[in-house]
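The values are calculated or read from the model by the stated rules, or taken from the named source; none is laboratory data. The structure displayed is predicted, hence computed values, not measured ones. In this analysis, Cβ positions are derived from the backbone assuming ideal geometry, glycine residues included, and neighbour counts consider all displayed protein chains. Each accessible area value is taken on the protein alone, full model and side chains, heavy atoms only, with ligands, DNA and RNA left out. Shrake-Rupley method; radii C 1.70, N 1.55, O 1.52, S 1.80 Å.
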Amino acid sequence: MAITVVGSVAYDTIETPAGRRERCLGGAATYFSLAASFFTNVRVIAVVGEDFGKRQEAVFQARNIDTRGIEHTAGKSFFWEGSYLENINEAKTHNTELNVFAAFEPKIPEAYGDSEFLFLANIDPVLQRRVREAMPDVKLVAGDTMNYWIKDHRAALLEVLKGLDILLINDTETKMLAGNNNLVQAARAVMALGPKTLVVKHGEYGATLFHGAKIFRAPALPLEEVIDPTGAGDSFAGGFFGYLAAQREITPAAYRSAMFYGGVMGSFACERFGTERMQKLTRPEIDARFNLFRELTHLD
Ligand code: AMP
């Protein structure tokens, strides 16, 4: 099984109560790929500039992630700057420079053509839609977005939502997209726009799965120290979708386990700045933390 993912591959400058890091490797597709690569094969579609070199490429290669769909072009890579000084659960964006993404025409390598799963990570919905349309035969499509696109690119985003099976967004974005402050009502309204399954992330408080008429809540691991929450949402999505892609049959029980694996990967992402923790992670650590999640919620 293989997931193709399109999204940002970026440099991030991040400030949290634990400190500041300048231009570390980031991007929604980067975090997603690293997390999903522990469960299944991952293929990336993105564009980077001349500032993206062998050292950054090696981060993907170390996890066997297919980077043939990362186009190298003249200019600078996507750049994002944000902080979490007031609210550790929600980034305050200080700067977004699309750079090479502004003129990006996604090209899908032939070798990606047999991917059964497609993830439209956070990026301009126009690009998400182009990739969705170029891969009509995939079995399951999931996607993410953020306030930036909900506010100013709504029409394009609504087109993307029509083609999604699963949408993963945070609670503020769910309410913003629906124009409704009640989470359940907002979730229903968002699902009416396309996705039959909605995963609403609540930062340090876990995530809620709306699957048809059913609702399931999974916890987040209470962490002693959150160093940097950047990429936690994308890592959640990578764990969630990666786990689903690795199942022989995608049952309602598989969705519930996927919610836990999402939480597991999101919690690891927070433990170090940028992708540092994801790069050093091992499968036994993931399994041990999954068991911790079970203990956290089990009654017997
Ligand atoms: P999250 O998992 O929500 O913390 O995602 C953080 C990542 O999203 C960072 O690594 C950023 O590079 C990336 N990002 C921030 N803003 C945007 C945007 N407007 N479009 C695409 N990616 C973004």
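Summary of values
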{"read-out": "Filtered residues of segment 133-156 (kept if touching a residue at least 12 places away in the same chain (Cβ under 8 Å), within 12 Å of the ligand (Cβ to nearest atom) and over 26 Å from ASP114 (Cα atoms))", "value": "MET146, ASN147, TYR148, TRP149, ILE150, LYS151, HIS153"}
{"read-out": "Boolean, ALA258 is open to solvent by less than 10 Å² (accessible area, probe 1.4 Å), at pLDDT 95 or above and farther than 25 Å from ALA18 by Cα", "value": "yes"}
{"read-out": "Wholly enclosed helices (runs of 4 or more DSSP H) of segment 77-177 bearing at least 3 residues in contact with a strand residue (DSSP E or B) (Cβ under 9 Å, 6 or more places away or on another chain) and open to solvent by 30 Å² or more (accessible area, probe 1.4 Å)", "value": "125-134"}
{"read-out": "Count of residues meeting criterion [on the phi < 0 side of the Ramachandran plot, in a loop (DSSP other than H, G, I, E, B) and either open to solvent by less than 20 Å² (accessible area, probe 1.4 Å) or not aliphatic (A, V, I, L, M) (or both)] in segment 198-219", "value": "2"}
{"read-out": "SER83, sole failed condition from (1) of a type in the set (Ser, Thr, Tyr); (2) more than 23 Å from LEU223 (Cβ to Cβ); (3) more than 17 Å from the chain's Cα centre (by Cα)", "value": "(2)"}
{"read-out": "Contacts under 6 angstrom Cβ, first residue in segment 71-92 being on the phi > 0 side of the Ramachandran plot, partner surrounded by 14 or more Cβ atoms within 10 Å (Cβ to Cβ) and at pLDDT 95 or above, 6 or more apart", "value": "GLY75/GLY49; GLY75/ASN99; GLY75/VAL100"}
{"read-out": "Top-ranked residue of segment 232-249 - restricted to ones that are open to solvent by 30 Å² or more (accessible area, probe 1.4 Å) and touching a residue at least 40 places away in the same chain (Cβ under 8 Å), ranked as farthest from the ligand (Cβ to nearest atom)", "value": "ALA246"}
{"read-out": "ALA192 being among the small types (Gly, Ala, Ser) and open to solvent by 10 Å² or more (accessible area, probe 1.4 Å)", "value": "yes"}
{"read-out": "Residue ID - farthest from ASP165 (Cα to Cα), chosen from residues in segment 224-258 that are under 13 Å from the mean Cα position of the chain (by Cα) and of a type in the set (A, V, I, L, M, F, W, C)", "value": "ALA232"}
{"read-out": "Residue match in segment 7-23 (condition: within 24 Å of GLU110 (Cα to Cα), away from the ligand (no atom under 12 Å from the Cβ) and open to solvent by less than 10 Å² (accessible area, probe 1.4 Å))", "value": "no"}
{"read-out": "Residue check, PRO222 away from the ligand (no atom under 15 Å from the Cβ), open to solvent by 10 Å² or more (accessible area, probe 1.4 Å), closer than 22 Å to LEU183 by Cβ and part of a loop (DSSP other than H, G, I, E, B)", "value": "yes"}
{"read-out": "The one condition in (1) open to solvent by less than 10 Å² (accessible area, probe 1.4 Å); (2) in a loop (DSSP other than H, G, I, E, B) that PHE52 fails to fulfil", "value": "(1)"}
{"read-out": "Test: residue in segment 39-48 that is in contact with a Leu (Cβ under 8 Å, 6 or more places away or on another chain) and in contact (Cβ under 8 Å) with a residue 24 or more places away in the chain", "value": "no"}
